[in-house]
1. So is ILE69 modelled with pLDDT of 90 or more and either assigned to a helix (DSSP H, G or I) or not aliphatic (A, V, I, L, M) (or both) or not?
2. Determine if the range 89-108 includes at least one residue that is more than 21 Å from ALA150 (Cα to Cα), open to solvent by 40 Å² or more (accessible area, probe 1.4 Å), within 14 Å of the chain's Cα centre (by Cα) and basic (Lys, Arg).
3. I'd like the full set of residues that are within 25 Å of GLY86 (Cβ to Cβ), at pLDDT 85 or above and out of contact with any Cys (no Cβ under 6 Å at 6 or more places or on another chain), limited to the range 137-154.
4. Taking the range 126-172 on its own, how many of its residues are within 24 Å of GLU111 (Cα to Cα), surrounded by 14 or more Cβ atoms within 10 Å (Cβ to Cβ) and among the aliphatic types (A, V, I, L, M)?
5. Of the conditions (1) closer than 28 Å to GLN156 by Cα; (2) buried (at least 17 other Cβ atoms within 10 Å of the Cβ), ASN54 satisfies every one except a single condition; which number is it?
6. Which of the residues spanning the range 112-125 are surrounded by fewer than 17 Cβ atoms within 10 Å (Cβ to Cβ), modelled with pLDDT under 90 and assigned to a helix (DSSP H, G or I)?
7. Hey, does the range 8-20 have a residue that's at pLDDT 90 or above and among the basic types (Lys, Arg)?
8. Can you pull out every residue in the range 128-170 that is within 17 Å of PRO118 (Cα to Cα) and hydrophobic (A, V, I, L, M, F, W, C)?
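The values are calculated or read from the model by the stated rules, or taken from the named source; none is laboratory data. Model, not experiment: these values are computed from the prediction. Every residue, glycine as well, gets a Cβ built from its backbone with ideal geometry; the counts of neighbours run over all protein chains shown. The accessibility values were calculated without ligands, DNA or RNA, using every heavy atom of the protein model including side chains. Shrake-Rupley method; radii C 1.70, N 1.55, O 1.52, S 1.80 Å.
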Amino acid sequence: MRSKFFKRLVLLPTVGISAAVGGSILIYPELREDYSQILLGAKRLARVSWAGFNVVRVYKGASEFTPDIHRQAATYLKDAFINNGGVYIKFGQVMGNMDYLLPPQYLQVFEPLMQQAPKSSYETVCEVFERSTGRKISDVFSDFSKKPIASASLAQVHLGTLRETGEKVAVKIQHSWIKQQA
């Protein structure tokens, strides 16, 4: 019995994560130069795998699926999504809108994902804009809000006035860490 447990809990996930990391290195040669992306991906995969294991454990150990059981399972997933950030938060937001599929407790637990979007600093926004366009914000805009008017899991929006035309525009800037998570 203990041997089966060891194989399921330790050996199979270890082999799976190792295969995923090895496959990533083969498919994406640029990863061979920067192993930090591989380690970050493996860490995220491990978090989500652990959350999945706990969800299965919670439901398997329950004699019936009560609201508390659903809430506990949803909390494991929400915590993994928050810790992984970026696209994982977006995935949690999508799940939080699946009232036709998930129990209400999931929607309640995922509600903070709708409200607590990360914000990038103004300095980071300037760096992302310059890297993306090759121009400084001050070269393009006569006025640019330092605080975003909205922020989501993948990007945030700032108000600006175009230097050339004087037109007021909304500028969507992707969070810098999104590229690292792709």
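1. It is true that ILE69 is modelled with pLDDT of 90 or more and either assigned to a helix (DSSP H, G or I) or not aliphatic (A, V, I, L, M) (or both).
2. no
3. Selection gives PHE144, SER145, LYS146, LYS147, PRO148, ILE149.
4. Going through the range 126-172 one residue at a time, the tally reaches 4.
5. Going through the list (1) closer than 28 Å to GLN156 by Cα; (2) buried (at least 17 other Cβ atoms within 10 Å of the Cβ), ASN54 breaks only (1).
6. PRO112, MET114, GLN115
7. No, the conditions are met nowhere in the range 8-20.
8. Within the range 128-170, VAL128, ILE149, ALA150, ALA152, LEU154, ALA155, VAL157 qualify.
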